[in-house]
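Here is the structure we will look at.
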Amino acid sequence: MTEYPKIQTLFERNPETFVVDHSKLKHPVFGTISEWDVTEKVDGTNIRVMFDPMIVAEDSPYTSPGPIVSFNGRTDNAQIPGDLVQYLIKTFTPKLFTCFDTPVVLYGEGYGAGIQKVGKQYHLDKSFILFDILIDNQWWLNDSQMRAVAANLGIQAVPYLGRWTLPEIINNVQAGFLSTCSANPTLLAEGIVARPVETLFDKRHERVILKLKTKDFVAGKR
């Protein structure tokens, strides 16, 4: 099922320092939107949880015969740590059978100890946090719908930070702010992901969505 589209950084970068250039938006459409729904960006590995009730396997590695739940990273060739796979199996099978009767992809971050350098500051073991849901390969759920699904499944969703303007996004991320989903109360958030209040698509038929990291304002290698 659908790989998660690459999220563009708000600004172009200086090619020498890699610092974002405030004078050059990555896409002009970003400047036309007055307010954004902003969530914390969690530093982990992209995970897809996929369920299609029409695909039936007689000998599934995850479930008894019937519709299957499958897992993958951001790309089909991505490798997922074995203990994270076991967590996903336990968490999502067979819960998705009772929640959906149409194809669905849950997008989230696998995070925690052993995933990225900061992993153990989030969790001492591996976990999953939801940030997006695609229905029938065409409908993106809004933030409140996504959170309702997370509550139904008994899983975490990425923290909602509020409805911010572009200047607020820039100021807050550049200054740095504390993560609200970390076991370490002093851990700075990696950054934000922002979406328009209503789902929008640009002239290339790509979804309008942006990210910005605190380290984007610091010179160095990428």
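Please name all residue pairs, on different chains or six or more residues apart, with Cβ atoms under 8 Å, provided the first residue is in region 133-156 and is assigned by TED's automatic domain parsing to the domain that holds residue 205 and the second residue is assigned to a helix (DSSP H, G or I) and among the aromatic types (Phe, Trp, Tyr).
Matching pairs, first to second residue: none at all.
Of all residues in region 8-25, how many are in a loop (DSSP other than H, G, I, E, B), at negative phi and surrounded by fewer than 15 Cβ atoms within 10 Å (Cβ to Cβ)? Show your work before the answer.
Step one: filter region 8-25 for residues in a loop (DSSP other than H, G, I, E, B), giving 10, 14-19.
With the extra rule that they be at negative phi, the set shrinks to 10, 14-17, 19.
Restricting the remaining residues to those that are surrounded by fewer than 15 Cβ atoms within 10 Å (Cβ to Cβ) gives 14-17.
The total comes to 4.
Listed here are the residues, each with its yes/no results for (1) part of a loop (DSSP other than H, G, I, E, B); (2) over 28 Å from residue 194 (Cβ atoms).
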position: 68; (1), (2): no, yes
position: 79; (1), (2): yes, yes
position: 110; (1), (2): no, no
position: 113; (1), (2): yes, yes
position: 134; (1), (2): no, no
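Out of all the residues in region 141-161, which are of a type outside the set (A, V, I, L, M) and touching a strand residue (DSSP E or B) at 6+ places or on another chain (Cβ under 6 Å)?
Filtering region 141-161 down to residues of a type outside the set (A, V, I, L, M) leaves 142-145, 147, 152, 154, 156, 159-160.
Scanning region 141-161 gives 143, 147, 156, 159, 160.
Kindly check whether there is at least one residue in region 201-208 that is outside any helix (DSSP H, G or I) and modelled with pLDDT of 95 or more.
yes
Search region 115-130 for residues being crowded, with 21+ Cβ neighbours inside 10 Å and assigned to a strand (DSSP E or B), and hand back the single one that is farthest from the chain's Cα centre (by Cα).
127
Which of (1) surrounded by 13 or more Cβ atoms within 10 Å (Cβ to Cβ); (2) modelled with pLDDT under 80; (3) acidic (Asp, Glu) does residue 43 not meet, given it meets every other one?
Result: residue 43 passes all but (2).
If you check residue 126 against the conditions, is it of a type in the set (Lys, Arg) and under 25 Å from residue 190 (Cβ atoms)?
yes
The values are calculated or read from the model by the stated rules, or taken from the named source; none is laboratory data. Just so we're clear, the structure is a prediction, and the values are computed from it rather than from any experiment. All Cβ positions, even for glycine, are placed from backbone atoms using ideal geometry, and neighbour counts span all protein chains on display.
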